[in-house]
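The values are calculated or read from the model by the stated rules, or taken from the named source; none is laboratory data. Everything numeric here is computed off the predicted structure, so don't read it as measured data. Glycine gets a Cβ as well: all are built from the backbone with ideal geometry, and neighbour counts include every protein chain shown. The accessibility values were calculated without ligands, DNA or RNA, using every heavy atom of the protein model including side chains. Shrake-Rupley method; radii C 1.70, N 1.55, O 1.52, S 1.80 Å.
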Amino acid sequence: MLYMGQDWLPCAPAQVAQRMNKASAHEGDTGCKSFCNSQAFLIQGRGTGNFSTSRRAGEALAPVEPGTKVPFTAAAFNVAVISMASTSSLPQHHSSRKSSPLENEERKWMMRYVAPSDDAKQEEITPYSLLTVRIIKLKNAHQADILSQSDCYVSLWLPTASDEIFHTQTIQNCRNPVWNETFYFQIQSKVKNVLEITVSDDDIIRDDDRAIVLFDVAKIPLGERVFTSFPLNPEGKEELEVEFVLESIQGPPETIITNGAIVCREEACLEVYLDGRMQKKRFSENELTFTVRGSFEETQTVSVGCDSRSPIPDPTFFHYARYKQPSLDVALRRKRKLSAFCACMSCGARRRSVPLTIPLKSLPSEQEVVGEHRKFDLLLKVKKCQDDLDVRLGFDLCVQERDFICKRKKVVAAALKDILHLEEDLQDDEVPVVAIMTTGGGTRALTAMYAHLLSVQEMNVLDCVSYITGLSGTTWTMSNLYEDPDWSQKDLKETLNDVRKHVLKNKFVTCFAPDRLKYYLKELCQRKQEGHQLCFTDLWGLIIENMLHEKEDCHKLTDQQQALNQGQNPLPIYLSLNVKDKISDQDFREWVEFTPYEVGFPKYGAFIRAEDFGSEFFMGRLMKKIPESRICFLEGVWSSVFSLNLMDAWYISVNSEDFWHKWTRDKIADIDDGALFPTRPNELDTRVVCPTDSFSEIFRDVAMLRPAASEIHNFLKGFQINNNYLESEFSKWKDCELDSQPNHLTTAADYLILIDTAFAFATSYPPLMRPERKVDVILHFNYSSGSQTGPLKDASKYFAKQGIPFPTKVPDDQETPHLKECYIVGDKESPETPIVIFFPLVNDTFREYKAPGVKRSPSEMAEGEVDVANACGPYYINNLSYSEENFDKLVNLSYYNVQNNKDLILQALRTAVERKKQCKKEQALQKPPDGCGMCVPDREGTQHLADCPAPGNMK
């Protein structure tokens with residue numbers, strides 16, 4: 001019962017009696033006793049303020065006499081509003097319990113009678129709806145047990161509305177169970193609400209999930225009652241009958257921030273502490289446990305001394321989504337006093353807990369509320385959190401990168417004028433964006449990339465490059481180079497000589513000496529104390545540091561900003577892959593890009609400052625700052641060969657997962673409900689998921705186990721998916737099965753699981769294919785083993801599937817066994833298609849020529865024999881040390897291949913400049929007169945209003 005000034009929040013006495021009668025009817029005397037014997041808990045407001053209630057139109061609350069005491073929390077009502085179960089392949093950690101019809105009535109009451117927020121400013125009023133779901137019955141339930149029919153119950157999970165699980169009763173030994181239970185959900189229409197309805201068989205050891213229906217709530221017309229049957233097993237004619245009603249309800253407006261793909265809802269902060277002014281004289285309990293499910297803190301324990309003179313504990317804080325029907329659960333843990341001990345040493349075995357639940361939505365904003373209990377008093381205060389986010393929402397480039405490009409274009413324009421012998425200076429819109437794209441390959445990639453960059457530098461082409469992207473082994477080269485703020489302006493021969501010493505040295509002796517092991521232990525302990533999640537890749541990063549440096553490398557990713565502040569070097573972009581545990585890379589993968597400015601997901605349009613990577617975030621706010629990692633730990637993430645699992649190894653070997661999918665993947669089928677629910681663009685298909693059996697689940701756990709993957713605090717935690725996310729830039733990167741199940745995307749995870757990108761995608765093209773970067777020319781340096789054209793072919797197929805412009809006619813080593821040193825592709829395709837200058841790692845004319853146009857003498861022919869094609873040769877992926885001869889041969893081959901194709905590189909650059917000039921002429925002809933405000937399509941096909949500022953975060 002709530003008391004604010006002179007107003008009492010209902011229940012009215014008549015309503016209390018009605019609930020008690022319902023409890024008695026459903027549960028006999030037990031329900032009535034549990035209601036009457038529960039703890040009485042009063043909440044009073046301090047200061048002034050009106051606390052009104054709202055319900056459906058035409059309904060009025062019964063008057064409540066001031067001073068009427070009713071139990072605030074009863075055992076039968078001590079539940080949250082909504083909940084649901086997840087699919088079997090994704091382990092969930094949400095709380096669950098099976099509920100009674102009495103509890104459903106309480107949920108309904110709580111949904112109807114909520115107090116409005118007293119926030120003054122609302123930037124946008126987002127509508128709420130009340131979703132009513134009635135689980136009617138199940139027809140022809142499959143007999144899962146040998147000796148009897150199934151013991152079925154139904155679970156509902158709607159994570160956008162609540163963090164709990166909601167169940168019907170279990171009906172024992174019945175083929176056609178009938179429930180007729182009704183559930184209520186308050187939903188936010190701006191987010192993608194996918195209700196998951198799970199039919200399960202109640203077993204003694206473990207419940208079996210039989211079928212999971214994924215239903216998009218947006219399909220339900222507002223104000224209509226819809227009855228439907230979901231076919232769970234068409235062969236057995238198993239059907240679940242459900243009724244839906246979606247109604248508009250009155251409620252407090254909510255301010256949201258969205259970029260079209262993800263949504264940040266309002267966050268509130270609950271402050272809880274014992275009220276010293278009303279503390280009881282004798283307080284024997286010494287531990288209070290507070291829980292707000294779905295909050296950042298989740299559960300916190302407060303220790304309280306047994307003496308009334310003990311100091312009052314510090315306030316306890318919870319940060320949570322304000323409008324997700326949150327509640328505060330309070331548990332008292334008692335201890336028996338032992339006579340052998342005295343004073344405050346009242347230790348002993350814990351006794352029972354006395355739970356209390358306080359709906360937080362009923363508390364007024366920015367006002368202190370006292371919760372009175374016979375054992376203790378609590379002071380509660382709900383505050384609105386800051387509006388500004390620490391996560392940048394937007395698909396455009398960050399301000400720092402845009403500023404860098406402006407500076408870099410001046411350097412590029414001058415370099416192009418010099419090497420192309422142009423008569424006039426290039427204007428900013430005539431300067432093509434040139435990038436270097438590299439693949440992985442361990443020490444082979446590290447070595448060959450240095451040689452390629454040296455060759456490009458001596459051709460004066462390096463100053464024409466604006467971006468360099470890398471993954472796996474090439475991230476080692478990039479990290480070392482950017483320790484020097486002016487590396488591209490210095491002779492790279494000296495840098496190459498320094499790297500040569502590290503590649504030649506014995507890695508085992510260097511990395512596993514006793515003093516090095518002590519150093520690793522010290523660094524890992526310090527990292528743990530700082531708050532980082534420790535994993536094997538941290539140790540691998542320290543080993544990489546030892547392999548490539550003489551001493552501790554203190555550089556960090558943000559230190560590389562010094563190499564960009566004048567536009568003097570290309571911008572480095574490091575690529576990693578976010579995956580999920582126990583799910584194949586092909587079924588779920590998301591690109592994560594790292595620059596000295598930002599780390600983020602192009603797919604979600606969400607980025608954080610590079611120095612905040614690894615810190616803890618919630619709902620877009622930085623909650624716990626953790627010191628920035630040294631660059632070696634990031635190198636361990638970017639190049640972790642140890643994150644490979646059996647599924648990855650199988651896919652790399654046979655390029656197919658069909659065999660594994662037969663045993664490990666859940667069966668998913670679409671349900672044709674188009675006649676009942678007309679299809680709209682932003683809606684998801686209704687689907688039924690049939691989980692695998694126990695044997696297959698064990699098989700999957702073994703095949704997809706990643707014991708050494710990196711776990712990083714998820715900075716998208718607490719966000720929700722936008723209702724129209726498939727119509728946003730998200731769709732450009734929608735490439736896997738799980739993208740159609742928004743409840744299980746990254747926003748719902750506690751941690752990011754980052755692996756080496758090379759296991760799933762051998763190139764680092766994705767950051768360059770973002771339309772915001774407008775890359776015109778790409779130098780593709782390939783260091784992969786096996787097929788040299790395979791990575792380029794895979795990239796071409798992938799981007800064609802995604803609808804992203806990319807060359808479609810690419811070389812194939814199966815059709816052309818004798819590969820050349822260089823290919824130009826994309827130059828004959830549409831202007832939106834980037835020109836790719838492809839350099840496979842092959843030994844062609846280098847066998848007979850030691851320099852372009854200079855043949856080898858008979859005594860020098862041995863130097864031209866470089867075995868880069870043999871996967872088991874001297875340059876195989878696991879070989880971390882090279883001999884002097886093999887190192888020099890690889891460097892000379894890589895250097896020569898670029899020098900020998902200088903004319904092709906210049907030809908591609910000249911074509912790119914001509915394209916930019918032609919595009920400028922066409923845009924000038926299409927440009928409307930000033931002030932017309934007409935829409936002009938840009939190269940990505942999007943529309944912009946002339947003379948209108950670019951939109952920022954949508955609110």
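Annotations for the structure displayed:
- When Asn892, Asn870, Asn886, Asn843 are checked against the criterion of being crowded, with 16+ Cβ neighbours inside 10 Å and under 20 Å from His818 (Cα atoms), Asn843 stands alone in meeting it.
- Flag for Gly348 being modelled with pLDDT under 95, among the small types (Gly, Ala, Ser) and buried (at least 20 other Cβ atoms within 10 Å of the Cβ): no
- Considering Asp739, Asp756, the condition of being at pLDDT below 95, farther than 29 Å from Lys625 by Cβ and open to solvent by less than 10 Å² (accessible area, probe 1.4 Å) is satisfied by Asp739 alone.
- Ser295 part of a loop (DSSP other than H, G, I, E, B), open to solvent by less than 10 Å² (accessible area, probe 1.4 Å) and either more than 28 Å from Leu716 (Cβ to Cβ) or at pLDDT 80 or above (or both): yes
- Tally of residues being in contact with a Leu (Cβ under 8 Å, 6 or more places away or on another chain), assigned to a loop (DSSP other than H, G, I, E, B) and under 18 Å from Glu628 (Cα atoms) across segment 527-578: 1
- Flag if Leu360 is open to solvent by less than 20 Å² (accessible area, probe 1.4 Å), more than 30 Å from Gly223 (Cβ to Cβ) and at pLDDT 55 or above: no
- Number of positions in segment 847-866 that are open to solvent by less than 70 Å² (accessible area, probe 1.4 Å) and in contact (Cβ under 8 Å) with a residue 24 or more places away in the chain: 4
- Residues of segment 387-404 classified as of a type outside the set (Phe, Trp, Tyr) and either open to solvent by less than 30 Å² (accessible area, probe 1.4 Å) or part of a loop (DSSP other than H, G, I, E, B) (or both), total: 11
- Any chance Ser189 is open to solvent by 10 Å² or more (accessible area, probe 1.4 Å) and within 15 Å of Val688 (Cβ to Cβ): no
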